[in-house]
Every structure is written in C-alpha cells, then in structure tokens.
Amino acid sequence: MALWVQYGLMGVYEKHILPRILHLVMRSRDLARLRAELVPQARGRVLEVGLGSGLNLPFYGAGVDAVTGLDASPELLSIAEKNNVGTSFNLDFVARGAEDIPFDDKSFDTVLTTWTMCSIGDVGAALKEMRRVLKPGGELLFIEHGRSPDPKVQAWQDRLDGLWGRCAGGCHLNRDIDGLVREAGFDLHQLETGHLVQGPRMLTYSYLGRAGR
Ligand SMILES: C[S@@+](CC[C@H](N)C(=O)[O-])C[C@H]1O[C@@H](n2cnc3c(N)ncnc32)[C@H](O)[C@@H]1O
C-alpha cells in the first residue's frame, strides 16, 4: 500500500475511531471504582492532565472550585464537552500537550492524571510542568498503568510496547510510573501498586498515588 494511503488511514483512525474506542473502553466499572477512590481527594483549583472524554468529572467532590481539563486530543475534549451534563464547579477545556502547560507557576491546588502518563510523548517534561504549576502544599493525584515488577510480564511489556503503541494512541506498556514521578522532583506521599483492575497482566499493573512538590 502506498505510504500516503497508510498515513491517511492512520490519521482517520487516530482522529475519528480511536477517540470513540477510548471513550467506550475507559468507561469500565472496574476503572470507575478507582476513579471513585482517587478523584474525590482533589481540592480547590484543579488541573486534570489528559481529561480525555471527561470520565472523571462526575467524581469531583464539593471541595473543588474549578477544573481545567487539558488534553492533546481536541476530539476527546469535544466528546467531554458534549457528554457534560453540568458541574457544580467552573469547567474549562484546553487542547494542548502536557509537555508545555500554558499556566503560571504555582497556580493549581491539585493536578490529577488517570491512565495518561502512559501516552504522553515526553512524560518527563510533562511531569516537570505539572510540578511547576502545582502550588506549595498542593498534590499530584494519579492512577496509571505501567511496568510490572514480574520479569515475565516485563518481558512481554517490552516485546509488545511498539506494536501496542501504534494501535493505542502512543500508549506505552512499560513505564516505571513512580520512578518517573520521583525523577521530576515530586515527593511521594502515598503509593499503592498491583493488579488493581481486571484484564491482561501486561496492561493492568497499576500505580495509584499522591505526591507533593
Ligand atoms: C487512555 S486515555 C485516558 C483518558 C482519561 N484520563 C480517562 O481516565 O479516561 C489517555 C489520554 O491521554 C491524552 N494524551 C496523550 N498524550 C498527551 C499529551 N502529550 N498531553 C496531554 N494529554 C495527552 C490522550 O489524548 C487521552 O485523552
């Protein structure tokens, strides 16, 4: 197949098909259980990095004044906008990559990410940006999937990483999430790891945590 046809098809897949698949897959009850555990801990002015189709929005509690949803995919943000049935807090959307967050230093009380650090191109730069915009005393809250400590699972994660990424919007199977969070200068306040959701072991090793700057 000619190269330009292949690129054209990939573009259609990434722009029109993948956002709908992600919206459906990310709605699972299993993931909702973890959202219900993490998201209500958000406080004050919140930056959600990788808002996606907005599936965390119903879980924000009364302590939240405003949420800014940043995502590299305008298509997913428009699904979030369409599905939003109203929130008790101010909500706005920013279509932009997290490697260059367009906000002042120390401007958010909470930065939240769920199943997003796997897909960000330069996740180290994005985490430094998240730390920069977090106020002193504020927290980064996250649930992510990543590298398993089991050598057999790790081997499969490494083997299938490139192929998986091409099908799943650049998602990496094998990122060492707490290592990346620490490397960006955060102090971990809490970390729970393990197969916290059901599914293939390669995809379900999870990191649920809270970190300060
Ligand atoms: C698996 S989805 C998770 C969406 C949402 N956080 C959820 O829990 O349903 C990964 C998200 O990361 C977003 N993403 C990928 N690269 C990004 C980047 N560089 N900056 C910001 N968001 C990015 C994708 O557009 C997508 O919305």
Within region 62-76, how many residues are near the ligand (Cβ under 8 Å from one of its atoms) and among the aliphatic types (A, V, I, L, M)?
3
Which of the following residues is within 12 Å of the ligand (Cβ to nearest atom) and either assigned to a helix (DSSP H, G or I) or within 25 Å of residue 203 (Cα to Cα) (or both): 47, 24?
24
Somewhere in region 167-189, is a residue within 15 Å of the ligand (Cβ to nearest atom), in contact (Cβ under 8 Å) with a residue 40 or more places away in the chain and farther than 21 Å from residue 70 by Cβ?
yes
Among the listed residues 142, 108, 103, 59, which satisfies the condition of being farther than 26 Å from residue 24 by Cα, within 14 Å of the ligand (Cβ to nearest atom) and touching a helix residue (DSSP H, G or I) at 6+ places or on another chain (Cβ under 9 Å)?
103
For region 73-116, enumerate the residues that are assigned to a loop (DSSP other than H, G, I, E, B), among the hydrophobic types (A, V, I, L, M, F, W, C) and surrounded by fewer than 22 Cβ atoms within 10 Å (Cβ to Cβ).
85, 89, 103
Would you call residue 35 more than 12 Å from the ligand (Cβ to nearest atom) and either closer than 16 Å to residue 141 by Cβ or in contact (Cβ under 8 Å) with a residue 40 or more places away in the chain (or both)?
no
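Here, each number is a calculation from the coordinates, and none is a lab measurement. Here the structure is a predicted model, which is why all the values come from computation and not from measurement. So basically every Cβ, Gly included, is an ideal-geometry build from the backbone, and we count neighbours across all protein chains shown.
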